[in-house]
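> If you scroll down you'll find the structure; I have some questions about it.
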Amino acid sequence: MLWPLFFLMTAIHAELCQPDAENAFKVRLSIRTALGDKAYVWDTNEEYLFRAMVAFSMRKVPNRGATEISHVLLCNVTQRVSFWFVVTDPSKNHTLPAVEVQSAIRMNRNRINNAFSLNDHTLEFLKIPSTFAPPMEPSVPIWIIIFGVIFCIVIVAVTLLILSGIRQHRRNTKGPSGVDDTEDKCENTITVENGIPCDPLDTKGGHINEVFLTEEERLTPL
Amino acid sequence: DGRPGATHITLPPFGKGWGGAPCLPVPRSPAEGLRAWAMEKARPQWGNPLQFVFACISYAVGLGNVWRFPYLCQMYGGGSFLVPYIIMLILEGMPLLYLELAVGQRMRQGSIGAWRTISPYLSGVGVASVVASFFLSMYYNVINAWSFWYLFHSFQDPLPWSVCPLNDNLTGYDEECEKASSTQYFWYRKTLNISPSIQESGGVQWEPALCLILAWLVVYLCILRGTESTGKVVYFTALLPYCVLIIYLVRGLTLHGATNGLVYMFTPKVEQLANPKTWISAATQIFFSLGLGFGSLIAFASYNEPSNDCQKHAIVVSLINSSTSIFSSIVTFSIYGFKATFNYENCLSKVILLLTNSFDLEDGFLTASNLEPMKDYLASTYPSKYSEVFPHIRNCSLESELNTAVQGTGLAFIVYTEAIKNMEVSQLWSVLYFFMLLTLGIGSMLGNTAAILTPLTDSKVISRHLSREAISGLVCLISCGISMVFTMEAGNYWFDIFNDYAATLSLLLIVLVEIIAVCYVYGLRRFGSDLQAMTGHTLNWYWKAMWAGVSPLLIVSLFIFYLSDYILMGTLQYQAWDATQGKLVTKDYPSYALAVIWLLVASSTMCIPLVALGIFITHCLKKRGTAAVA
């Protein structure tokens, strides 16, 4: 006598949970992509855990009656692994509105992901968009800090070079007045050799102007 | 100074005549010789010849070697492009480089003074070089600013160009970023904040403006003390890029998929040799890669000792420049191969995911190897569903990924960054890469600014009133101020204008006039004997043949080709970034942009005839004046 009731219940369940049914959501898992060799097999125990997590999420919604695992129905489990689920109310006659289920899942998305060692990409709830974590913006962007450091270093280096240049220039002008701009005064003592004026040795650092060394070899030795 | 037979005399002031032959290289007149001798005494010099070689290398080896040569290699036949490249190097690159170095070393003045010494009517060539260098340094330093920007942003995890930013309600990614890619978004939106067309100029963006100011400060720091400071900096700017390139070569060759890129590049497509564009591109690349005609090489060589062996240095620098191009294209192509393979595999996984989701197949069932047979199987078993999915299935092809030939800033800042973000420890590779770009760019900037500053500091009028530091500072300040244009929202479009037109046609003309001046106005024989007196080497017949015949012919043909290209093209167009579509679209230049282009080309080319005319007129007036007095 109970058999017809049982069939009736399953029929009702089947009607409640169907692909594209009202308030039903499709879930897709990519376990092998996420875990590779450590992938677990999707079996009825995993389905039980999933139903438990959904029930847990619904229970966390305030002012909602206690949702039991039996209120969460799964159907159309494929090899992919993908399936549809609905959450029914305690009377098991109609399903809870999609909006409520959606907000409950979104609140607890992290917990659900962690339960299966997956993430938002590998455990997808189609039609429930995941909220991205807002990027962590430091108060001062990092690039400005580095820019400021390099900028200050360059300014200090430029200032030092300019100051040392000014100091050198002042030392030169304060020095013996005879060592003045030869181009302006156009007078200078030079060495004449064989009637040919030659550049004397540069006294700055004993630097020898090699042009005249080679020139000397070509001139007739004295 | 103790030499027997030496007597001391007092040199009479300028203009009073000077008897006796000098020990120095032959000047044009005694007065000229006095001036040259006096300037020689005060002229700064390189600390040692190695600094000169490094300066030339760091000037010649620039961004063009990294981002233009690999593109040309790819477009014009891969391995077979090396044939026209090396031929042009021998026919055009080495002779012209030697010519400029020899002129600078012989005349011992910047570009204006050097050409004025050859003939007063030719000082226009020097002025044109300075104008072209000025334009170049204005827009070139913007690239350094961008390198700084990327360098500073490389110290973040994750790299800012590797992820798209989120949109306003945090449910997805920014729309423009989705349509384009994250690297393109970072370049066009975050770095340039580019406007949809050149007409909408927008305001100056403060972030790139700050980086530009920093770039100019760094350049000023390096040129502040003339050859004293430049000579030390060039050790760094010449050697560091090679260190980084070697590190990248090792990393690049070990990347997954690098061999795909290398095979693709080096497979010669011999039929491209019949394409005239191949030879023209090879000639153009050699020409512009060595930086001829700007006056920088003349400026660098003018600080040499007269006995310096510039022939050997010319050969060394041109060979190093070309080998660096080839070397960096090996690195670039291994990176290309990695990026293409990565994108290809990404594309495949997307297709696999799409098929797996649509047909609810087991996760991991479809792989890259069984994709094709499975597609056929699915098409036959579920034809209706397959036809629904079919439009969304992209055809993934490694060839098409490798075929995306990019050059210029697109290669450096989009393609390379895309490859870098997929490497491990991407921050380190990013920092290394942009540091390399910076040293390449700063090295070239040293040459550009030397080309402008050397004639200015040589000029007695200016150097009497202002010190070298002040002149350098003024030049940097003016260039920095004008180049703020390139930091506006439409700045990149103006940058492309300058890049394509400011220093292309005019340079060909300048170098042509240079060769004709040296060979036919000054006299090839006379120049040869001058070089022999200076360095001790006789001028080889090879140099004579190239200078007198082959190189001018090549340049004339390049010039004709460029002119005809411009004329035949009709309206000039540019690539504009369309944010709504997330890709580049072609647009026409407005009339005022065309006017700027003509102004750019004219302002440097017209210097040559105008200055010659001006000197002719002043000469005539002076003659008439002296005739009236006498």
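The values are calculated or read from the model by the stated rules, or taken from the named source; none is laboratory data. None of the values given here were measured: they were computed from a predicted structure. Cβ: placed from backbone, ideal geometry, glycine included. Neighbour counts: every protein chain shown. Quick note on the areas: whole protein, heavy atoms, side chains included, nothing else; ligands and nucleic acids left out. Shrake-Rupley method; radii C 1.70, N 1.55, O 1.52, S 1.80 Å.
> Give the distance, in whole Å, between the Cα centre of the range B:541-566 and the Cα centre of the range B:342-364.
56 Å
> Just how far, in whole angstrom, is the range A:21-68 from the range B:134-181 if you go by their alpha carbon centroids?
40 Å
> Could you tell me whether the range A:51-118 comes out rounded, prolate or oblate from its Cα gyration tensor? Rule is a ≥ b ≥ c as square roots of the eigenvalues, rounded for a/c under 1.5, then prolate if a/b exceeds b/c, otherwise oblate.
Oblate is the answer for the range A:51-118, as a/c is 1.5 or above yet b/c matches or exceeds a/b.
> May I ask for the net charge around A:Pro97, where only other residues with Cβ less than 12 Å from the Cβ of A:Pro97 are counted and Lys, Arg are +1 while Asp, Glu are -1?
-2
> Using the Cα atoms of chain B to build a convex hull, what is its mean projected area in square nanometres?
The directionally averaged projection comes out at 35.1 nm².
> Now a separate question. Please list B:Met484, B:Met606, B:Met265 from largest to smallest accessible area, probe radius 1.4 Å, with all protein chains kept in place.
B:Met606, B:Met484, B:Met265
> How many percent of the accessible area of the protein assembly as shown is carbon or sulfur, using a 1.4 Å probe?
Solvent-exposed carbon and sulfur of the protein assembly as shown make up 63 percent of the total.
> Additional query: 222 nm [θ] for chain B, helices only, -39500 (n - 2.57) per DSSP H run of 4+, per residue, to 500? Mind dumping the intermediate values first?
Numbers: 30 runs with 408 residues, N = 630.
So the helix-based figure for chain B works out to -20500 deg cm²/dmol.
> How long, wide and thick is the range A:90-182, going by the Cα atoms along their three principal axes, in whole angstroms, largest first?
Reported extents, whole Å, longest axis first: 113, 23, 19.
> Provide the net charge surrounding A:Pro141, with neighbours chosen by a C-beta distance below 13 Å and charges set as Lys +1, Arg +1, Asp -1, Glu -1.
Here the charged neighbours net out to -1.
> Name the residue from B:Ser325, B:Gly291, B:Ser369 whose Cα lies farthest towards the positive end of the charge dipole of the range B:283-371, charges +1 on Cβ of Lys and Arg and -1 on Cβ of Asp and Glu.
B:Gly291
> For the range B:283-332, with every protein chain kept in place, what is the accessible area per residue (1.4 Å probe, Å²)?
Working: 960 Å² over 50 residues.
Result: 19 Å² of accessible area for each residue.
> Return the equivalent ellipsoid semi-axes of the range B:453-584 as a descending list in whole Å, where each equals the square root of 5 times an eigenvalue of the C-alpha gyration tensor.
Semi-axes from the Cα gyration tensor: 38, 28, 11 Å.
> About the Cα centre of the range B:214-318, how large is the charge dipole given +1 on each Lys and Arg Cβ and -1 on each Asp and Glu Cβ? Please answer in debye to the nearest 20. Intermediate values should be presented prior to the final figure.
On the way: 6 positive and 4 negative charges, 48 e Å.
Roughly 240 debye for the range B:214-318.
> Would you mind working out the accessible area per residue for the range B:442-563, using a 1.4 Å probe, and quoting it in Å²?
Result: 38 Å² of accessible area for each residue.
> I've got another one for you. Provide the per-residue ³J(HN,Hα) series for the range B:520-529, in order, calculated from phi with Karplus coefficients 6.51, -1.76, 1.60 and θ = phi - 60°, each as a whole number of Hz, with x at glycine and proline positions.
After applying 6.51 cos²θ - 1.76 cosθ + 1.60, I find 10, 7, 6, x, 5, 5, 5, 4, x, 5 Hz.
> State, as an integer percentage, the relative contact order of chain B based on alpha-carbon contacts under 8 Å between residues 6 or more apart.
31 percent
> Sticking with this structure for a sec: Counting only residues 5 or more places away or on other chains, whose amide H sits under 5 Å from the amide H of B:Ala576 once H atoms are built in the peptide plane?
B:Val585, B:Thr586, B:Lys587
> Here is a follow-up. Counting only other residues whose beta carbon sits under 13 Å from that of B:Asp578, what net charge do I get with K and R as +1, D and E as -1?
On the way: positive: B:Lys179, B:Arg189, B:Lys583, B:Lys587; negative: B:Glu175, B:Glu176, B:Glu200.
Taking every Cβ under 13 Å from that of B:Asp578, the sum is +1.
> Still on this structure, please answer the following. Select from B:Ile352, B:Ala340, B:Thr381 the residue farthest towards the positive end of the dipole of the range B:291-412; place +1 on Cβ of Lys and Arg, -1 on Cβ of Asp and Glu, and compute about the Cα centre.
B:Ala340
> If you put +1 on each Lys and Arg Cβ and -1 on each Asp and Glu Cβ, how big is the dipole of chain B around its Cα centre, in Debye rounded to 20?
3240 debye
> Report the normalised scattering of the protein assembly as shown as log10 I(q)/I(0) at q = 0.09 Å⁻¹, calculated by the Debye formula with identical scatterers on the alpha carbons.
-0.96
> Enumerate the whole-percent occupancy of each 5 Å bin, from 0 to the last occupied one, for all C-alpha pair distances of the range B:241-353.
Calculated P(r), rounded to whole percents: 2, 10, 12, 14, 15, 14, 12, 8, 6, 3, 2, 1, 1, 0, 0.
> Set Lys and Arg Cβ to +1 and Asp and Glu Cβ to -1, take the dipole of chain B about its Cα centre, and tell me which of B:Tyr592, B:Ile247, B:Phe266 lies farthest positive.
Looking along the dipole axis, the top candidate is B:Tyr592.
> For the interface of B with A, what's the total buried accessible surface in square angstrom, probe 1.4 angstrom, rounded to the nearest hundred?
The B and A chains share an interface burying roughly 5400 Å².
> Next up: Which distance in Å, rounded to a whole number, links the C-alpha centroids of the range B:583-627 and the range A:71-110?
77 Å
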